[in-house]
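Asks: Once you've had a glance at the structure underneath, I'll fire off some questions.
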């Protein structure tokens, strides 16, 4: 008897964004300066307001937030560190934004130069099935490219700077 | 292609594009709350919270529920759809902010490099 096969299409979130910044700058801002863009006000886990978000720049490094009270709350860790082209983070926050050591989802971010001043950033948040059986029920929605493409395009309009990558467009 | 689904998602998406509204939704997604309870946790007035909640309700993200004499807002969809929306919209918002910030830093560095060349 063979073990039960892996789900053919585990739920994954994929995003691509084109950034008018050189490769090294894009990577640095994404990692070393994550607190300059992460929506900290709404997405953090500590009791106190979030003062900083830190990705330690090495494989095995921690990914954590530090509250204004100095308390550190771990979000996950660095699985792969290949500056300035790739970083893979282990995301161990539950849907309720609480650290769960048993939870293992991965955020794989790849950076590639379109030209000297432009970078393509491809993000994949995978392993969402780890959120539980509920996640498998989401598959149909995740697998609906029309839905996500429509949303991406719409977001580009909302953001007012239509640089979000639209395949073939 | 399910156009209605795309339109519904686009509406949800637009509703979550506002940082304050995303915060309101994040709070509601954790536990049902009244307008006053949301306002107590954010630097936003009650009327402003009510307005944000109306937009979120119109987008099909939250719904009003009366528990005894209390009016509570809760996530409209089941937990699954809420989670999916949450993770997905989180990255959309985060990456949009990332792009703006990376471009700002790139512009600043390019300007600084020009200035260095000019003063030489």
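Throughout, read-outs are computed from the coordinates displayed, never taken from laboratory work. What you are looking at is a predicted structure, and each value in this text was computed from that prediction instead of being measured. We place every Cβ from the backbone using ideal geometry, glycine too, and count neighbours over all the protein chains shown.
Asks: Per residue, how big is the convex hull around the C-alpha atoms of the stretch A:14-131? Give it to me in cubic angstrom, could you? Don't skip to the answer; put the middle values down first.
Replies: Working: hull volume 11.3 nm³, N = 118.
Value for the stretch A:14-131: 95 Å³ per residue.
Asks: A further question on this structure: Two-decimal Rg/Rh of the stretch B:26-67 from alpha-carbon positions, Kirkwood Rh?
Replies: Working: Rg = 9.7 Å, Rh = 10.5 Å.
So for the stretch B:26-67, dividing Rg by the Kirkwood Rh gives 0.92.
Asks: What spacing in nm lies between the two simple spin-label points modelled at residue A:18 and residue A:74, each 7 Å away from Cα in the Cβ direction?
Replies: Going by the 7 Å Cα→Cβ label model, 4.0 nm.
Asks: I need B:116, A:31, A:118 ordered by Cβ neighbour count within 10 Å, fewest first.
Replies: Working: B:116 9, A:31 22, A:118 17.
Fewest-to-most Cβ neighbours within 10 Å comes out as B:116, A:118, A:31.
Asks: Thinking of the stretch A:67-117 as a set of Cα atoms, what percent of all their pairs are more than 14 Å apart?
Replies: Values: 789 of 1275 pairs.
Cα-Cα pairs in the stretch A:67-117 separated by more than 14 Å: 62 percent.
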